[in-house]
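Here is the structure we will look at, set down as structure tokens.
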2 protein chains.
Amino acid sequence: MPSDDEPRRMRADARDNRERVLRAARAAFAEDGTHASLNKIAQRAGVGAGTLYRHFPSMDALLVAIIGADVETLCARGRELMADPSPDDALSTWLRAVAVHATAMRGLVATRMAAPPADGTLAACHERILLTGEALLERARRQGTAPAHLRIGDLLKLANAIAWVAEQDLADEGLLGRLIAVVDGGLRSPPATV
Amino acid sequence: MPSDDEPRRMRADARDNRERVLRAARAAFAEDGTHASLNKIAQRAGVGAGTLYRHFPSMDALLVAIIGADVETLCARGRELMADPSPDDALSTWLRAVAVHATAMRGLVATRMAAPPADGTLAACHERILLTGEALLERARRQGTAPAHLRIGDLLKLANAIAWVAEQDLADEGLLGRLIAVVDGGLRSPPATV
DNA sequence: TAGCATATGGAGAACTTCTCCACATAGCAA
DNA sequence: TTGCTATGTGGAGAAGTTCTCCATATGCTA
């Protein structure tokens with residue numbers, strides 16, 4: 001099926017501008033994270049604000065276009081990990097990958113992905129990640145030590161939350177790893193008998 | 001020592017305005033959370049923007065004034081929990097309390113508290129919370145099953161992260177509790193031997 | 001009650017997001 | 001090659017934000 005982010009027929013100049021906006025956005029997000037200004041992205045790309053909004057009506061749309069490839073990568077990684085001898089390790093490795101990815105754009109992704117069920121194309125990304133995670137979790141439940149009551153949605157939210165908080169303090173490089181490690185415990189223990 | 005958020009000598013009208021701003025801010029934060037506008041708070045309080053900024057030069061200052069009492073409560077709760085028969089339970093109960101508190105103002109607190117070492121009076125709040133937590137954690141290390149390598153700063157960040165993500169999806173009421181429960185596992189297990 | 005240190009408020013500067021539409025032009029049909 | 005027109009453009013502008021500045025008003029003390 002034809003990807004609808006790059007309509008089949010598009011005037012060559014429009015296609016050009018679209019690419020330039022994407023390139024500018026990637027750079028801007030990497031530099032300023034959540035504080036990137038759409039105005040400045042447009043300026044940087046050498047187009048008017050109107051043009052930016054024509055191509056990407058919302059910031060979500062822009063994000064989807066940018067992180068689409070990453071989602072693909074994460075799902076592929078998930079499929080690989082299905083063959084990992086330890087289902088528990090596979091799950092936690094994948095969660096770590098999700099968190100690392102979510103930090104890539106300086107927290108922007110985490111901010112968007114943690115939100116309620118997005119209504120746009122972001123929802124599709126969400127869905128794909130969920131499915132991949134569910135497969136890993138289910139395996140860890142059956143063949144590993146993951147407690148039955150764990151929900152994949154919760155784990156992904158936790159990963160995003162960790163990515164978000166890690167992004168707040170970039171100076172502490174090991175933070176993300178340590179926080180994931182704490183969560184790791186909860187993936188393996190039987191439900192605490194408090 | 002005299003609290004410096006309420007200077008000893010202040011003109012009666014100034015004191016009045018200060019109170020009104022605080023009341024308006026509390027209401028606005030509860031309603032709009034992170035998106036509360038300082039402008040509207042001023043309007044709501046019936047004062048000019050200049051007046052608001054005179055009393056609270058930064059949003060942090062405003063926050064400190066509002067949540068100061070809560071910090072007190074959390075520390076008190078922590079001291080109580082030091083007497084809890086189970087050091088592990090005490091720690092996790094307290095972390096849950098921290099997360100719940102951080103959600104109180106619709107995520108605003110979490111957003112601010114997760115940030116790097118604040119440089120204002122917020123830092124003092126931070127410090128007090130850290131000390132309380134460290135005491136609980138140390139006890140759980142010695143008399144409970146908490147792994148030695150756990151850092152209280154990490155745990156608090158995790159609590160704030162959870163509060164943040166829980167706030168993103170208010171519809172899911174059990175979310176915060178479930179996420180804390182996952183982390184709970186990591187507080188008790190020995191370090192995973194991956 | 002007079003006088004002044006202290007406090008006020010809103011206009012305004014500098015930003016933000018997002019809309020609108022007169023104008024430019026790519027690409028097709030002749 | 002040359003129009004014609006559907007498609008795409010860009011920037012002015014509306015409405016919002018944070019935060020500053022300072023002429024004016026007023027509580028408090030002497």
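The values are calculated or read from the model by the stated rules, or taken from the named source; none is laboratory data. Just so you know, these numbers come straight off a predicted model, no measurement behind them. All Cβ positions, even for glycine, are placed from backbone atoms using ideal geometry, and neighbour counts span all protein chains on display.
Of the numbered conditions (1) at pLDDT 90 or above; (2) touching a helix residue (DSSP H, G or I) at 6+ places or on another chain (Cβ under 7 Å); (3) more than 9 Å from chain A (Cβ to nearest Cβ), residue B:141 satisfies every one except a single condition; which is it?
(2)
Six or more apart or on different chains, Cβ under 6 Å: which pairs go from a residue in segment A:27-40 that's more than 17 Å from residue A:58 (Cβ to Cβ) to one that's more than 10 Å from DNA strand C (Cβ to nearest atom)? Could you list them?
As it stands, the answer is A:33/A:106; A:33/A:107; A:33/A:108, since those pairs meet every condition given.
Which condition breaks for residue B:92 when tested against (1) out of contact with any Phe, Trp or Tyr (no Cβ under 8 Å at 6 or more places or on another chain); (2) without any contact (Cβ under 8 Å) to a residue 24 or more places away in the chain; (3) of a type outside the set (A, V, I, L, M, F, W, C)?
All conditions pass for residue B:92, except number (2).
Within 14 Å of chain A (Cβ to nearest Cβ), among the hydroxyl-bearing types (Ser, Thr, Tyr) and either within 16 Å of DNA strand C (Cβ to nearest atom) or closer than 27 Å to residue B:168 by Cα (or both): which single residue out of B:51, B:34, B:73 fits that description?
Unique residue meeting the criteria: B:34.
Could you list, in sequence order, the residues of segment B:4-23 that are within 8 Å of DNA strand D (Cβ to nearest atom) and either within 14 Å of chain A (Cβ to nearest Cβ) or in a loop (DSSP other than H, G, I, E, B) (or both)?
Answer for segment B:4-23, where residues must be within 8 Å of DNA strand D (Cβ to nearest atom) and either within 14 Å of chain A (Cβ to nearest Cβ) or in a loop (DSSP other than H, G, I, E, B) (or both): B:9, B:10, B:11.
Would you say residue B:42 is touching a Gly at 6+ places or on another chain (Cβ under 8 Å) and closer than 12 Å to residue B:18 by Cα?
yes
For segment B:155-165: of the residues being under 18 Å from residue A:107 (Cα atoms) and either without any contact (Cβ under 8 Å) to a residue 60 or more places away in the chain or within 8 Å of another protein chain (Cβ to nearest Cβ) (or both), which is surrounded by the most Cβ atoms within 10 Å (Cβ to Cβ)?
Checking each candidate, the answer is B:162.
In this structure, is residue B:26 modelled with pLDDT under 95, away from DNA strand D (no atom under 14 Å from the Cβ), surrounded by 15 or more Cβ atoms within 10 Å (Cβ to Cβ) and assigned to a helix (DSSP H, G or I)?
In short, yes.
What are the residues in segment A:37-47 that are near DNA strand C (Cβ under 7 Å from one of its atoms) and either loosely packed, with under 14 Cβ neighbours inside 10 Å or of a type in the set (D, E, K, R) (or both), if any?
A:37, A:39, A:40
Go through the residues of segment B:52-61 one by one and say whether even a single one is within 16 Å of DNA strand D (Cβ to nearest atom), within 13 Å of the chain's Cα centre (by Cα) and not basic (Lys, Arg).
yes
Which residue is surrounded by the most Cβ atoms within 10 Å (Cβ to Cβ), if the candidates are limited to segment A:62-89 and must be of a type in the set (D, E, K, R) and under 23 Å from residue A:142 (Cβ atoms)?
A:88
Suppose we filter B:99, B:114 for residues that are closer than 24 Å to residue B:174 by Cα and in contact with an Asp or Glu (Cβ under 9 Å, 6 or more places away or on another chain); which single one remains?
B:114
Here is a check on your reading of the model: is residue A:89 within 14 Å of chain B (Cβ to nearest Cβ), more than 15 Å from DNA strand C (Cβ to nearest atom), part of a loop (DSSP other than H, G, I, E, B) and not hydroxyl-bearing (Ser, Thr, Tyr)?
No, not satisfied.
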